[in-house]
Amino acid sequence: MANEPATGPGLAGEAISVEAIEVEVIEAWPHAFRSRHVRLGPGATVADALAAAGIAADAYPAVAVFGERVTPDHALVHGDRVELLRPLQADPKDARRRRAAAAGKPGRAGER
């Protein structure tokens, strides 16, 4: 018994080993999202989580863990949320310029 790993409750109430980690992989769109919970071994990375969730590593331009952009080799810990980031629909600076122009507001001082 001393050599057995400790266990605790999993996402569905099942026992999991403390050697395993569970993470959530999130894909989001403007009006919907898909969440997948995956169980990984110790030392697992973002790339491992994507593979376990059945998502191609190059399907999204970037990934984040709890909103912080990370690389695919970023090590995960139990309870992390991996977020798949979509490409921007428009350059935020260009969009602001268009809104300001439509409102008839001048640009920076001296620009007209």
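The values are calculated or read from the model by the stated rules, or taken from the named source; none is laboratory data. Quantities reported herein were computed from a predicted structural model and do not represent experimental measurements. Glycine also receives a Cβ, built like all others from the backbone with ideal geometry; neighbour counts cover every protein chain displayed.
Quick notes on this one:
So that you can scan it fast, the table gives a plain yes or no per residue for (1) closer than 29 Å to Gln89 by Cα; (2) modelled with pLDDT of 95 or more:
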{"position": "Arg34", "(1), (2)": "yes, no"}
{"position": "Val38", "(1), (2)": "no, yes"}
{"position": "Ala44", "(1), (2)": "no, yes"}
{"position": "Ala49", "(1), (2)": "yes, yes"}
{"position": "Ala57", "(1), (2)": "yes, no"}
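- Ala15 meets all of the listed conditions (1) surrounded by fewer than 17 Cβ atoms within 10 Å (Cβ to Cβ); (2) hydrophobic (A, V, I, L, M, F, W, C); (3) under 15 Å from the mean Cα position of the chain (by Cα); (4) modelled with pLDDT under 95 but one, namely (3).
- Strands (runs of 3 or more DSSP E) contained entirely in the range 39-89, each with at least 3 residues that are of a type in the set (A, V, I, L, M, F, W, C) and under 17 Å from Trp29 (Cα atoms): 62-65, 81-85
- Positions within the range 63-84 being in contact with a Lys or Arg (Cβ under 8 Å, 6 or more places away or on another chain) and surrounded by 14 or more Cβ atoms within 10 Å (Cβ to Cβ), in sequence order: Val63, Val65
- Matching residues, the range 29-38, being in a strand (DSSP E or B), more than 13 Å from the chain's Cα centre (by Cα) and either surrounded by fewer than 16 Cβ atoms within 10 Å (Cβ to Cβ) or of a type in the set (S, T, N, Q) (or both): Ala32
- Candidate set: the range 50-62, residues that are in contact with a Lys or Arg (Cβ under 9 Å, 6 or more places away or on another chain) and within 11 Å of Glu83 (Cα to Cα); chosen: the one surrounded by the fewest Cβ atoms within 10 Å (Cβ to Cβ): Ala62
- So His74, is it closer than 22 Å to Pro42 by Cα and over 14 Å from the mean Cα position of the chain (by Cα): no
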